[in-house]
Each structure stands twice: as C-alpha cells, then as structure tokens.
C-alpha cells in the first residue's frame, strides 16, 4: 500500500511533537512543577528512611493508613490504561488507537507509584527484596499466605507486562521519529530505542504476534491484580471487608477511576498539543460513556455493600455500616458518594459529553471521589473492629501528605518526559484505523 | 541522507543485549558468592583491640574459665566484656610493668573503661539471650569457636540466619551437659562412655524443647 496524503499528515502531526514540541514554555512550567513535587517525594521518603514509619500517623488499629489507600488508588488508576489498550485491541475497537499510547504510559507510571507505597510502608523499606523467593543466607522463603507477598507478585507482574506492552507498541513509531529526526543525536537515540525496526513484512508479522499475545496476557491481569487487592482486605478479620462483592467492586472502581484519569489526560493533551483531529469529540464521547458505565457499576457495588450488611444482619457489620454513615470518617463515605456519582449523572446528556472542559471537571470529581472511597474502605473498617479495646483513631501526619504530593510528582515527571520525547499517540495504528474505515471521526 | 546505522548495527545491538544478560547473571553469581564470603561474614577477621589480648594464652595455656571474664553469660542476655578490675585481679600482681598492658593500667588510673571491640556481634533486631542457651547446654565453642587456639580473637561462625536456624530446627545434636559448658574440645563426645549418643534427644524431651516453636519469627525477632 502506498503512503497517502492523510497518512503522511498523521505521521507528521504526531512525530513533530517529540522533535519540535509545540508548547515548550508551558511544558517547562509543568515540568518544573512536577520536579518540585518529585523533590517533595525525595524529602518525604528520605525522612522516612531515616526515622521509620513512626513519623506517620498510622498505628494499631489503623496500621495501613494513607500509604495503602494510595496504593489501591494508584493501582486502580493504572488499570484503565490496560483495559483501553489490550481489551479494546483484542475486541478490535479501532477507536482505541487515538488513546492507547498515553493510556498505557499512564498505566506504567501509576503502577510505579502504586508499587512504591507498600515498599515505603515496610518497616525497613530497603529490605523489600526479601519478598522475592531467592536463595538467601537466612534460609527464609516468602510467606505465601501473606497479602504482602501477593502484592509483590501482583505489582511486579503487572509492571512487567505493562512495560512490555507499552514498549512493543511504541517501537514502530519510534522508528518513524528516527526517520524524521534532524540531529545526529536524536537519530541515534531514537534509532537505538527502535531496535532496528525497518518495517518489513516479517517485522510486522512478528510485531502483530507479540503485541496481541502481550495484550492477551494483560487483560486477565487487570481482573486478577485488582481482585488480589480486594482480597488482601478480605484476608484480615475486619468487619466491612468480608462482602463477596469486593473483587468485582474493586475492579469496577479501578476501571472507573482510571477512565477518569484517561479522560483528564486526553482533554489536556488534545488541547495542549493541538490534536483535535486525532483525539476527536467522538473519542471524548466514548470515554465519557465508559466513565458513566463503569461509574454505575461501581455504584452497584455501593448499593450491594449496604444490602450485604443489612441482609446478613451481623451485628458488627451493621455497626460498621452505621460508622460509615455517621461515624468519625463519615465525611469520606459521603465524599465518595457525592464526588463519584453526582456530577457523573451529567454524562447522560449528549451536549455535556461534547464539552471537554466539563468532562475534565467531572473526571476530576471522580478521581477525588475514588480517593475518598479507598480512604473510606480502610478507615471506617479498621478504626473500630470487634474488640472495643482495640478501637482507635487515625490522623495522617504531614509527612504522609508530603509523600502523596511527592508521589504525584513521581507520576507527572516521567509522564511529562514521555509527552515531550515520545510519540504520545500511536501514529501507525491511527493510520490503520483510518484505512479500514475511511474516516477517523467514525473510526 | 547518510545512513545512521551500519549494516552490522542489528548484530551489535543483539550482542549488547546478550552481554547485558551475561553481566546480570554474573552479577548475581558474584553477589551470591559475596554474601557467603568471609569478607561479608567477617569469619576469621581480627578486630583491632586496645590491648592485644590472647585467648590462646589465657584459656588454652592458663585454663582460665570463660565465665571469669564473661561473667553474665549464664544469667543475662549478654555475656559481657570484662571491666579493667577483672584484668587487674591478676595483672596487679603479674606482669605489672609490661608495656603491652599500659592501656590497662592507664584505664585503672583514669577510671575510663577499656574500649573492647565486640567480635561476636549480632544485628540489633536479633534478641539473642546467652542464659537460655547456656542453661540448656549449648557450649561456648559452638558459636565462638576454638578460642583456646586464637592468639587474637576473631569470629568463628558467620552468624547468618541460616546458621542460627540450622540449630534451631534440630537442636538435639548440639546439646551438652550444662556443667561442662566451657569445655572446648568435644571431638570424642559420641565415643565417650554412657548415654552420650542419645544425650541430645533425651534432653530435648527433659527440657521440653520443641523445634517447631524455635523457628517462629518472634523467638529471635520481637
């Protein structure tokens, strides 16, 4: 097939970004901010390494605190990237092609943030590798009954597969950037990253195999990894963590928060990088529909949890339910309900779904709401368990908030580097979709 | 436009990737070797001491009991290092003018203790208790080695967790009569008359030692 005019335009439009970034000043401003946040991370983590977790607010009975609620939150956000990329690839939904690359990058960096939290939450973070089964002088082996072990394998597997999937996907586009690069250094660096891609028929056949195979591995991981997260709650004898809806509820919540972040990034990139004819209104509309659908499924989880407690009639479950509605951390429950589901209802209207700024605000509300949900699930259950003698309160210390600010930096800094130096949209897949359907708007 | 890469670039990239893998494997092998090396475990390495005290002379030749200097071994968690007065019980009478003992005399005069350097040191997260090990009959030599043959003190065992666990998983062969706890040479123990061959098995029952409990984390990490 010969290169058509629109093909050339799309490749040029996408590959120009890493070579001649359109908004360097704004990029530097944002990158400066993210470096500042990254600095916060190093300060907070450094202080933690020196002083130990005692400087955080968590203690018995709430020994998980912000660290673990953020862990669940970040990991959940990551899942949408895999869903968009892998699930929609396997189901041949071509409209994904304008979204998958940056959604995958989002997954990758969100998983890194998520994985750092349980490590920092260890008493001796520098010994985290003890969770790996390797021959050692202690003749110790990981305790496979421990949720910590599950976390280690879940995050490591997910990180590896996400990285592979993202990298395999980007190789042909790196070759495009290499071919258009003007300076010697850019040519060599992009060339090395492209691993000698020449676009031969054999390359493409192998690439198709590898890409679809990784996708097929990645999709079940979304379900298994986040089910694991929900079951690590269930492993503890804590009222309010025993509902059988948990795995489904968590996976849906993860997809919900992740789609919200993808929507935020899509609106921002579309505006900042002038990609209006690649990330079209139809894409935003579809993302908004996904957000609405996963949001309603998450809402079902809320309803089912209440039903479960009422129907079960267990005294302690009812007490926890009561605490959720009116207890010390009731604000997190109502915060989750309001931020998650109230603005979401606007997405029923087609007119709203066509307005990027409004979509951005709704998505932000969802991200906040899902943060509240993770926090609520931990706090309301942990601070009052079966024994009155082990009741206690939890208040996050400033160091935990500083670490959270820092973790946003850990997410943003590499993401901005990705936006600056790599093709943020999969040019060849967009072209493929275009060729198969004729028009990107209906692709 | 000139070619960026030569025709052999692919091969070189593959070779580099292969080298990377080989380097990784090598690094793992080296790390594994390091973890067990005496450089990491300090086995056989002499600590610098304020006075070059010879266990060989005092224990092996003079036959002074370990507990004369390490007095708290049977009653406390730490065996303890001797105070200057302990040295001076003898050295106020013998070798009173020896240049080698000048720091001991200076310590007595100034009241400032000698700064002995611990040789058998465990990490701070290990709660090792001498008294229980001694009262159940784990002899000194098991952990500290043949100190009666050490002119200068060095570590005899690696003190890695696997070494602790080897005994905690199967304590019977390591038990001896508590009355002979400081005996250094046990090479003929099994051939000695009496019930020696089954002593350990018997005493685990007498003492009620349960190996399954000895390997629980909080036995040593509290």
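Observations
- Number of the condition not met by residue B:175 [criteria: (1) free of Cβ contacts under 8 Å to residues at least 24 places away in the same chain; (2) surrounded by 13 or more Cβ atoms within 10 Å (Cβ to Cβ)]: (1)
- The condition (being over 23 Å from residue A:230 (Cβ atoms), in contact (Cβ under 8 Å) with a residue 12 or more places away in the chain and touching a strand residue (DSSP E or B) at 6+ places or on another chain (Cβ under 8 Å)) is satisfied by just one residue among A:409, A:392: A:392.
- Within region B:135-147, the set of residues being within 26 Å of residue B:49 (Cα to Cα) and surrounded by fewer than 18 Cβ atoms within 10 Å (Cβ to Cβ) comprises B:142, B:146.
- Residue within region B:38-47 that is within 12 Å of chain A (Cβ to nearest Cβ), touching a residue at least 12 places away in the same chain (Cβ under 8 Å) and part of a helix (DSSP H, G or I) present: yes
- Per-region count, region A:189-201, residues more than 17 Å from residue B:14 (Cβ to Cβ) and surrounded by fewer than 17 Cβ atoms within 10 Å (Cβ to Cβ): 3
- Flag for residue A:205 being out of contact with any strand residue (DSSP E or B) (no Cβ under 8 Å at 6 or more places or on another chain), more than 14 Å from chain B (Cβ to nearest Cβ) and closer than 30 Å to residue B:5 by Cβ: yes
- Any hit, region A:73-92, residues being buried (at least 17 other Cβ atoms within 10 Å of the Cβ), within 13 Å of residue A:426 (Cβ to Cβ) and free of Cβ contacts under 8 Å to residues at least 24 places away in the same chain: yes
- Scanning region A:209-222 for residues that are free of Cβ contacts under 8 Å to residues at least 60 places away in the same chain and within 18 Å of the chain's Cα centre (by Cα), we see that the one that is surrounded by the most Cβ atoms within 10 Å (Cβ to Cβ) is A:217.
- Out of A:225, A:279, one residue alone is crowded, with 21+ Cβ neighbours inside 10 Å and outside any helix (DSSP H, G or I). It is A:279.
- Test: residue B:105 is closer than 23 Å to residue B:83 by Cβ, touching a helix residue (DSSP H, G or I) at 6+ places or on another chain (Cβ under 9 Å) and either away from chain A (no Cβ under 14 Å) or surrounded by fewer than 18 Cβ atoms within 10 Å (Cβ to Cβ) (or both): yes
- Residues of region B:1-22 classified as within 11 Å of chain A (Cβ to nearest Cβ) and surrounded by 10 or more Cβ atoms within 10 Å (Cβ to Cβ), total: 10
- Pairs with Cβ under 6 Å, 6+ apart, first in region B:159-172 and at the interface with another protein chain (Cβ under 8 Å from one of its Cβ atoms), second crowded, with 16+ Cβ neighbours inside 10 Å: B:160/A:137; B:162/A:137
- Residue B:89 meets each of the listed conditions (1) over 17 Å from the mean Cα position of the chain (by Cα); (2) more than 21 Å from residue B:150 (Cα to Cα); (3) surrounded by 13 or more Cβ atoms within 10 Å (Cβ to Cβ) apart from (3).
- Condition check for residue B:58: at pLDDT 95 or above, over 14 Å from the mean Cα position of the chain (by Cα) and away from chain A (no Cβ under 14 Å): yes
- Scanning region A:175-197 for residues being in a helix (DSSP H, G or I) and within 13 Å of chain B (Cβ to nearest Cβ) gives a total of 15.
- Scanning region A:301-329 for residues that are assigned to a helix (DSSP H, G or I), surrounded by fewer than 18 Cβ atoms within 10 Å (Cβ to Cβ) and touching a residue at least 40 places away in the same chain (Cβ under 8 Å) gives A:304, A:316, A:319.
- If you check A:164, A:148 for being within 14 Å of another protein chain (Cβ to nearest Cβ), surrounded by fewer than 21 Cβ atoms within 10 Å (Cβ to Cβ), part of a helix (DSSP H, G or I) and touching a helix residue (DSSP H, G or I) at 6+ places or on another chain (Cβ under 8 Å), only one passes: A:148.
- If you check A:54, A:39 for being surrounded by fewer than 23 Cβ atoms within 10 Å (Cβ to Cβ), touching a residue at least 24 places away in the same chain (Cβ under 8 Å) and over 30 Å from residue A:207 (Cβ atoms), only one passes: A:39.
- Residue B:25 vs. criteria within 14 Å of another protein chain (Cβ to nearest Cβ) and either over 19 Å from residue B:154 (Cα atoms) or free of Cβ contacts under 8 Å to residues at least 60 places away in the same chain (or both): yes
The values are calculated or read from the model by the stated rules, or taken from the named source; none is laboratory data. Keep in mind that what you see is a predicted model, and the values were worked out from it rather than measured. Note that we place each Cβ from the backbone using ideal geometry, even for glycine, and neighbour counts take in every protein chain shown.
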